[in-house]
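Step one of this worksheet: look at the structure below.
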Amino acid sequence: MQLDFILSCSRCERETEPAGTPGVCEECGAPLLARYPLERIAKQFDPKDLEGRPWTMWRYREVMPLAAGEEPITLGEGGTPLLDVPKLAKLAGVGKLSVKDEGLNPTASFKARGMSAAVTRAVAGGASGFVAPSAGNAAGALSAYAARAGVPVRVYMPKDTPPAIVAECRALGAEVELLDGVITDCGAKAREFARQTGYFDVSTLREPYRVEGKKTMGYEICEQMGWSLPDAIIYPTGGGTGIIGMWKAFAELEALGWIEPGRRPRMYVVQSAGCAPIVRAWAAGADSAEPWAGPETVASGLRVPSALGDFLILRAVRESGGAAAAVSDAELLRAAREFLRHGIAACPEGGATLAGLYRLRAEGHIGPEDSVVCFNTGAWIKYLE
Ligand SMILES: Cc1ncc(COP(=O)(O)O)c(C=O)c1O
């Protein structure tokens, strides 16, 4: 099966072929990213080609890690609504506010996109089992796509992961290990298990394709806005796959000639004040982030004390002219309730983006005329407690 892209190291730029089940760069250990022959693709692929295609993330298959004629392992991920919330826009003092509601994905979070792409390529590459550490939603998504592929899966999660997510993983047939620790502890266990068993490790950015799935959020926003982009995107950042993926998508869209050069949005990171390594690094002007000691937040997806792709997140924020903000748990929960009162069933991490908008607006990073997209990354229903 011929794949029409190469993998390039995000740090040392060493190139590798996408055969088998690639992990990180063998030279320097940094994440690998897929590079497509965009100049050639631009000659054969046009927004009009999308007309009539199903509204899933695979509608962009020419710029996805798929061989010609290959079918992905899919549950219908992507195609989530971009919802205008004019009353909240007024309250926040911005020109326009939309919410990309990722809670409507299979398994009720944006993690479905990344796992669909990662499981598709890994199964094609010969993986016979999957393992991943997770704050919850990634484990739920992986469990579903592994079940869809008929491949066994083990997931490691902190023991205080929302019970609905733990139940979901078990119901989908995953072997669940709950640990007294945070996601980085779960990651160490997952790597050890992968070494012992040969299961494929689909940890954030330790394989190149979850980013490819997540980048489709950027393509979708652009298509939903009539091939234009907002001034600002606010993203609740843990491991950062989504922000890295979207920034990659906007570069690709520019290279394809589908958006005007210089029209990419400013990218804003929001984290919880109880675990804000990227915010601290951004404020210090650093290129990478020191691990956060004693991470604590109710927003479990944001409890990521150190991210393998820290330098890529910071690069996206800087290159785009964005910023990073921390909000308290009280602020993010209050904002999630505000979203709910406008009909958007936001998870705590989604609430963080609205709380972040208030803060970024007050600090002058976001202006009164700006059009803003906030990400609700998962559905409220998983967080009943
Ligand atoms: C609901 C939710 N939002 C945001 C995040 C953080 O996402 P990322 O790792 O892409 O930064 C997670 C990760 O677990 C999550 O579950």
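Per-structure values
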quantity	calculated
Cα-based convex hull, the range 6-62, per residue volume (Å³, whole number)	110
Probe 1.4 Å, accessible area per residue of the range 6-62, Å²	57
Centroid-to-centroid separation of the range 325-377 and the range 299-319 [C-alpha atoms, Å]	18
Dmax and Rg, reported as Rg then Dmax, of the chain (C-alpha, Å)	19.1, 55
For the range 185-323, alpha-carbon Rg over 2.2 N^0.38 Å	1.12
The chain - percent of accessible surface contributed by carbon and sulfur, probe 1.4 Å	50
Proximal aspartates and glutamates relative to K100, as straight alpha-carbon distance under 17 Å, when same-chain residues fewer than 8 apart are discounted	E77, D84, E220, E223, D231, E338, E349, D370
Separation between Cα centres of the range 93-162 and the range 251-277, rounded to whole Å	22
Label zone at Q196 (point 7 Å along Cα-to-Cβ), backbone N below 18 Å, the range 120-158	128-134, 152-158
Difference of contour (0.36 nm per residue) and Cα-Cα distance, A171 to E290	39.1 nm
Residue pairs, from the table K96/K159; K111/K159; K87/K382; K48/K382; K248/K382, whose Cα atoms sit over 28 Å apart	K96/K159; K48/K382; K248/K382
Assigned charges on the beta-carbon of Lys, Arg, Asp, Glu; the range 111-201 dipole about Cα centre (debye)	320
Heavy-atom surface of the range 269-326, accessible at 1.4 Å and reported per residue (Å²)	37
The range 111-201: Rg to Rh, with Rh as the Kirkwood radius over Cα pairs	0.93
Rounded to the nearest 20 debye, dipole of the chain from Cβ charges on Lys, Arg, Asp, Glu	460
Solvent exposure of the range 111-201 as accessible area per residue, Å², 1.4 Å probe	35
5 angstrom amide H check on A30, placed H, neighbours 5+ away	C25
Positive-end extreme of charge dipole, the chain - chosen from G301, A335, V270 (charges on Cβ)	A335
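The values are calculated or read from the model by the stated rules, or taken from the named source; none is laboratory data. Keep in mind the model is a prediction, meaning the values are calculated, not measured. Positions of Cβ are generated from backbone atoms using ideal geometry, with glycine treated the same way; all protein chains shown enter the neighbour counts. In case anyone asks, the SASA skips ligands and DNA or RNA and just uses the protein heavy atoms, side chains included. Shrake-Rupley method; radii C 1.70, N 1.55, O 1.52, S 1.80 Å.
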